[in-house]
């Protein structure tokens, strides 16, 4: 392997990232008659069920900084974040016509309301608001969630025109377990040797997972790991930071690059949590829906859209992430007008302060163009970390 | 922690306000509740805080809790022009300018010593009953309070009606939470054993009051309407949506209110506003979205000056949609509480909300729809521009859009709102003239 191999992988991922016409999805559908694709928005949906129904799960993360939003702005006031308006733009300009359905996970009121808007604006498509429990007792939230999963399974079977068997679900769970293992390995590798796996690359490799079939994405992650490990790069004296708050509307790639150029190694993040929502393998034998529910209830990430049942647990997950990845500080990068992230921020800041973990915070939009202030802020933060650690 | 800053106080004396008997009665009830909260710990009572949509007031009464509702604390402070400072104090304490101002007003009030709207102290709640219904922010709000001031938060997760209906799984989930989580926690915190017959008794009281509330709200179908179904209705829903539903005081309040409204209807009178009675009803409107509280009286006056009466509103359904048939049912208490929580307005999906507004326009013979879009409230506001388009398309009636905020005075621009309203009323007149010309 050489740096060329890395460059080729990243070039492919970059092309997928820029493909707002979803040509890859169209090609996948055209490859066999009757194939269907179902879109999903952040944060989490059980992609295993879509896959087991023979369909392609497609992550929809807005239009980024490449899409000019014209019609979408007519649906939202100035004080609403950008992801719903660019998603509507994608829909109204026909770019999402290749999707046969859309899932809107329980993340915030804006995405929740977008589910109903989608029902009105794109009639004839399958649309579901995918609610998840905020009660984590097996007998209460667990039972409710298993039934919700069953509804989704039945809906998707109807859309696919064939039953979704337990065996198919178990097979899909096994494939997604492999994918989660690969993504975990990628995160662990980046945390160990961040100079070898810059986040501007890792991000693109992860983004590819929003579009590619799961088996292909797993191979891509493994190929990237092998390629980059074989091509040593210089290690810099950067500050190691964890980035948090970017779990829904995505920052532009230039923003990630700016943070890195300012002297930070991003050693953990909360981009595209769907890839890592379940923290370890879902059991591959037994009742598949029960297994998915158990993983969701007891072995999943902690984030702003999830209720923290005990006060003492608030921020614990983030602090643990910082410890596990040996991060020296935290960057809160939240989208403007993002209720979950911005309401969570003061609580997390307080917990980090209690643990003596330095942090800085800024807001962005998916089309933020001015990077100089962010570079300056991240640079100052990196410098201050270096100064403190030297002291 | 930031040091709270001083704000200038207006020296202009307010003009005298006209009030009906029911309003005076309600004022007494509110003041008395704030006093109960202030002295609760002194007399050995525990305090609960819970949100308006999906509030389990009857259940909380079973455990003798003194009951606080943070949204109403914020709006009561806003009506008294106090929230500007509270919000700025919270922002100086690290809260984003982008997020809900109810939350910031509440946190700002706590930063300033936690004196309630009547000037009496609001002691720290012993339990935060998180009725997570129709608003994501509620969850963060109580996490924030718990983080800063302690107390136990009990989650009651109410699933959203994404498919436009209450599925049995949703109802069962809420019932189980009430039965297995909420009630045992309330028993433990209050030290009072749950008595289901006591709950049934309160629910029977609720039903009586609900019948009268519906009569009051539906009186606006009459011409002229004896009530304002938005500005006036926020008073009418007060006891029902807050700490009083299920109590004999609430039943008495709604008896008094209905007899007043019935008399006004019989006499062909219009609504009472703070400036006096509307003697000529020129426009009949349906309003979507919460009101602005910081300039409530000025806001209402912009309508009443033009003879505009709101005959129905969605905000007056935020704590329960009674006019489409829901009643608390003492024969199936927990299921009924669950259905109440699931059925609040902001827990409805978009097609349901649009259907409801179209139905109001038809049933109340309204001239058009006005949307007051609230910066703080994504639950209401995200997507309202689509609601406007859809309602216009389906009903052919004109719709207009104004923007303000709940309790942040920085987002109330009287001149802009007045201009838009004047244009809107002009549009309705032109539409009427065009229709009249077609008929003749």
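A few comments on the model shown:
- Relative contact order of region A:97-173, pairs being alpha-carbon contacts under 8 Å that are 6 or more residues apart, as %: 22 percent
- Alpha-carbon centroid distance for the pair region B:339-412 / region B:144-186, whole angstrom: 26 Å
- The Rg/Rh ratio for the protein assembly as shown is 0.97, where Rg is the radius of gyration of the alpha carbons and Rh is the Kirkwood radius.
- Cα gyration tensor shape for region B:138-215, rounded if a/c is under 1.5, else prolate or oblate: oblate
- Scattering profile of region B:39-121 at q = 0.23 Å⁻¹ [log10 I(q)/I(0), Debye over alpha-carbon scatterers]: -1.08
- Amide N of region A:32-73 lying under 12 Å from the label point, which is placed 7 angstrom from the Cα of residue A:26 along Cα→Cβ: none
- For region B:169-272, convex hull volume per residue from C-alpha positions, Å³: 121 Å³
- Sequence of B:139, B:388, A:121 once ranked by neighbouring C-beta atoms within 10 Å, starting from the fewest: A:121, B:388, B:139
- Alpha-carbon spread of chain B, three principal axes, descending order, Å: 72, 53, 40
- Rounded D (µm²/s) - region B:274-348, Kirkwood Rh over Cα pairs, Stokes-Einstein at 4 °C, 1.567 mPa s: 89 µm²/s
- Rounded Å value of the spacing that divides the Cα centres of region A:29-78 and region B:239-264: 49 Å
- Peptide A:340-351 has a mean shielding of 5, counted as Cβ atoms of other protein chains within 10 Å of each residue's Cβ.
- Overall form of region A:91-177 per C-alpha gyration tensor (a/c, 1.5; a/b vs b/c): oblate
- Cα gyration tensor category, rounded, prolate or oblate, for chain A with a/c compared to 1.5: rounded
- Rounded to the nearest 500, the helix-only mean residue ellipticity at 222 nm of chain A stands at -15500 deg cm²/dmol, with each DSSP H run of n ≥ 4 adding -39,500 (n - 2.57).
- Going by neighbour counts of Cβ atoms within 10 Å, the residues A:371, B:427 line up, fewest first, as B:427, A:371.
- Residue among B:168, B:290, B:351 with the largest mean-square fluctuation in a Gaussian network model of chain B, springs linking Cα atoms under 10 Å: B:168
- Across region A:25-141, Cα pairs under 8 Å and at least six residues apart give a relative contact order of 25 percent.
- Remark: B:401, B:324, B:138 ranked as B:324, B:401, B:138, counting other beta-carbon atoms within 10 Å and listing the fewest first.
- Expected 222 nm ellipticity per residue - DSSP helices of 4 or more, -39500 (n - 2.57), all of chain B, to 500: -14500 deg cm²/dmol
- Degrees between helix A:166-192 axis and first principal axis of chain A (Cα, 0 to 90, nearest 10): 10 degrees
- Percent antiparallel among DSSP beta bridges (both partners in region A:235-391, rounded to 5): 5 percent
- Across peptide A:134-145, the mean count of Cβ atoms from other chains lying within 10 Å of each residue's own Cβ comes to 5.
- Largest-first principal axis extents of the Cα set of region B:330-373 (Å): 41, 22, 17
- Normalised contact order of region B:369-428, rounded percent, pairs of Cα under 8 Å and 6 or more residues apart: 35 percent
- Modelled label reach - residue B:355, point 7 Å along Cα→Cβ, region A:93-122 residues with backbone N closer than 15 Å: A:116-117, A:119-120
- Taking the Kirkwood radius as Rh and the Cα radius of gyration as Rg, region B:248-304 has a ratio of Rg/Rh equal to 1.02.
- Angstrom value of the Kirkwood radius, inverse mean 1/r, which spans all Cα pairs in region A:114-259: 18.8 Å
- With Cα atoms as the point set, region B:27-181 shows a radius of gyration and Dmax of 16.0, 47 Å.
- Number of partner chain Cβ atoms within 10 Å, mean per residue of B:91-102: 4
- Measuring between their Cα centroids, region B:86-115 and region A:226-245 lie 40 Å from each other.
- In region A:274-391, one over the average inverse separation of all distinct C-alpha pairs is 16.6 Å, which is the Kirkwood hydrodynamic radius.
- Seen from every direction in turn and averaged, the convex hull around the alpha carbons of region A:151-223 projects onto 5.7 nm².
- Rh (Kirkwood; distinct C-alpha pairs) - region A:21-106, Å: 13.7 Å
- For region A:176-298, the convex hull spanned by the alpha carbon atoms encloses 115 Å³ per residue.
Throughout, read-outs are computed from the coordinates displayed, never taken from laboratory work. All of these numbers come straight from a predicted model, not from anything done at the bench. Counting neighbours? That spans all protein chains shown, and the Cβs are built from the backbone with ideal geometry, glycine included.
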